[in-house]
């Protein structure tokens, strides 16, 4: 029963941390992403930024995820990302100090009062995000307080099996430290929460079960364990994500190695700062503060050493994770293949990056059409047409995968703004897939025209098709710019609407001229159909582009579509 209560306390602690982090991200997620994108001009501001964001949202994983997405999008260099990750390691030490404060006295009255306030905020809908943050903090502190009380009731320091095991390995010297380091790493990998293992370590030390040297070895193992988890997740992610994960691992491994070289001296120094004699602890409860102080000193000293070697670290991780052969990553999701991230709010950011990439690939697909128009050899035409056909299949798959991902994200706890954003993104994905369909339809029209050997397009017709394709290409370029614009910049949407008006006017002009030319027998009706199909599909593609822009801007288009004879919409 007592063991079951212990597990329940740890679960409550982990859940409280997650709810608190999600509440903070909902309140300031986009602002924090803006800070991350603009305040990393050099290694020192990058470290400060990483520390500030991680302290604010209480999640080094969330900071790392945002950093990786910015690197993949080209908004941050890998060197800047490494500095942010260093700062995140400093910021995550604030969690341990919160635990020290929450575990220093019985906070149940404060916790229950906070729960009442949180429920009132959530149900009144005045400030739901703040209510979730307070609720998460209250549950975390309740789990921490209950964990400490339950551990005291279990009298673990009087358990013969536990004390016998610890006594048997106490004479191993550094061997016992390596053992606890391994245990800390494995437990963190299994639980996937370094904060939970830190809480258990603090409880074991404060109840006299573990000595401070063994407890700190567990803490170092937790630092390595949390990086192993991110490296495993990054295996299916992009090259830049893998490099960022390797940099995180190298940072913590290096710190563990040099601290082990001067282990007892370093631990004794930290104990001296806290005012504790590691060999004669009169009040075991002070050991929680010692663990928190070590965690902070370990990461700060590690940053002070490695901050001067960011460039060499960048070269090492690039060597460990080399660039993949050209084209290997071309036709797969780049940002969201690792599954849902730690919180729904951050998952939206990854989906947004993936939609931007989807738009770029569709634009590339349209670029093949101009080549098909002027292709001379049949073999070359067939090969390029097959590539367009393959792109169309990939476009269908990307729509399904991104929409499936967004639907999974929508099942999490989201702010009202994020729910609207998901609806907008689902429409964007559908319209971009329609753009891919239009590209394929144009390619099919060109193939049918090529098989029509009786007559060819006139120079004037080819010129008109090229002009229409140029306008359509400009629309796609502007769409890609809008979808990939940084959050702290306001995209110019008017350019897209102006190009759409040009496309519509030009389409109408060509429609009227095509009817006149067919009636005057300048070319056959069948050739006019091929010509009109290409022009019409380009205009339809332009409509899909504007639909994407409308969805992105959160507005609906009210223009009435007119039916056309040969050029129907």
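The values are calculated or read from the model by the stated rules, or taken from the named source; none is laboratory data. This structure is a prediction, so every number in the text was calculated from the model and none was measured. Glycine gets a Cβ as well: all are built from the backbone with ideal geometry, and neighbour counts include every protein chain shown.
Given 406, 414, which one is assigned to a loop (DSSP other than H, G, I, E, B), surrounded by 17 or more Cβ atoms within 10 Å (Cβ to Cβ) and in contact with a helix residue (DSSP H, G or I) (Cβ under 9 Å, 6 or more places away or on another chain)?
414
State whether the residues of the range 423-432 include one that is in contact with a helix residue (DSSP H, G or I) (Cβ under 6 Å, 6 or more places away or on another chain), assigned to a helix (DSSP H, G or I), within 19 Å of residue 533 (Cα to Cα) and in the same structural domain as residue 362 (by TED's automatic domain parsing). Checked the range 423-432: no residue is in contact with a helix residue (DSSP H, G or I) (Cβ under 6 Å, 6 or more places away or on another chain), assigned to a helix (DSSP H, G or I), within 19 Å of residue 533 (Cα to Cα) and in the same structural domain as residue 362 (by TED's automatic domain parsing). Has the range 189-198 got any residue that is more than 22 Å from residue 6 (Cβ to Cβ), under 23 Å from the mean Cα position of the chain (by Cα) and either buried (at least 24 other Cβ atoms within 10 Å of the Cβ) or modelled with pLDDT under 80 (or both)? Checked the range 189-198: no residue is more than 22 Å from residue 6 (Cβ to Cβ), under 23 Å from the mean Cα position of the chain (by Cα) and either buried (at least 24 other Cβ atoms within 10 Å of the Cβ) or modelled with pLDDT under 80 (or both). You will find that of 478, 526, 451, the residue that is surrounded by fewer than 20 Cβ atoms within 10 Å (Cβ to Cβ) and at pLDDT 85 or above is 526 and no other. Only one entry of 337, 343 meets the criterion of being farther than 30 Å from residue 463 by Cα, buried (at least 22 other Cβ atoms within 10 Å of the Cβ), within 19 Å of the chain's Cα centre (by Cα) and at pLDDT below 90, and that entry is 343. Based on what the data block shows, is residue 361 under 22 Å from the mean Cα position of the chain (by Cα) and at pLDDT 90 or above? Against the criterion (under 22 Å from the mean Cα position of the chain (by Cα) and at pLDDT 90 or above), residue 361 does not qualify. From the list 75, 121, the one residue that fits, being assigned to a loop (DSSP other than H, G, I, E, B) and either under 24 Å from residue 246 (Cα atoms) or modelled with pLDDT of 80 or more (or both), is 75. Residue count for the range 89-109 under the criterion of being closer than 18 Å to residue 196 by Cα and at pLDDT 70 or above: the result is 13.
Look at residue 420 and say whether it is in a loop (DSSP other than H, G, I, E, B) and modelled with pLDDT under 85.
The answer is no for residue 420.
Checked against the criteria, residue 371 does not count as assigned to a helix (DSSP H, G or I), assigned by TED's automatic domain parsing to the domain that holds residue 483 and in contact (Cβ under 8 Å) with a residue 40 or more places away in the chain. With the condition kept exactly as written, say whether any residue in the range 274-297 is over 25 Å from residue 199 (Cβ atoms) and either under 33 Å from the mean Cα position of the chain (by Cα) or part of a helix (DSSP H, G or I) (or both). No.
For residue 241, indicate whether it is modelled with pLDDT of 85 or more and crowded, with 23+ Cβ neighbours inside 10 Å.
no
All of 278, 284 fail the test of being closer than 21 Å to residue 175 by Cα and assigned by TED's automatic domain parsing to the domain that holds residue 10, apart from 278. Across the range 259-274, a minimum of one residue is classified as within 28 Å of residue 14 (Cβ to Cβ), assigned by TED's automatic domain parsing to the domain that holds residue 18 and at pLDDT below 85. The test for being over 26 Å from residue 199 (Cβ atoms) and more than 26 Å from the chain's Cα centre (by Cα) does not hold for residue 213.
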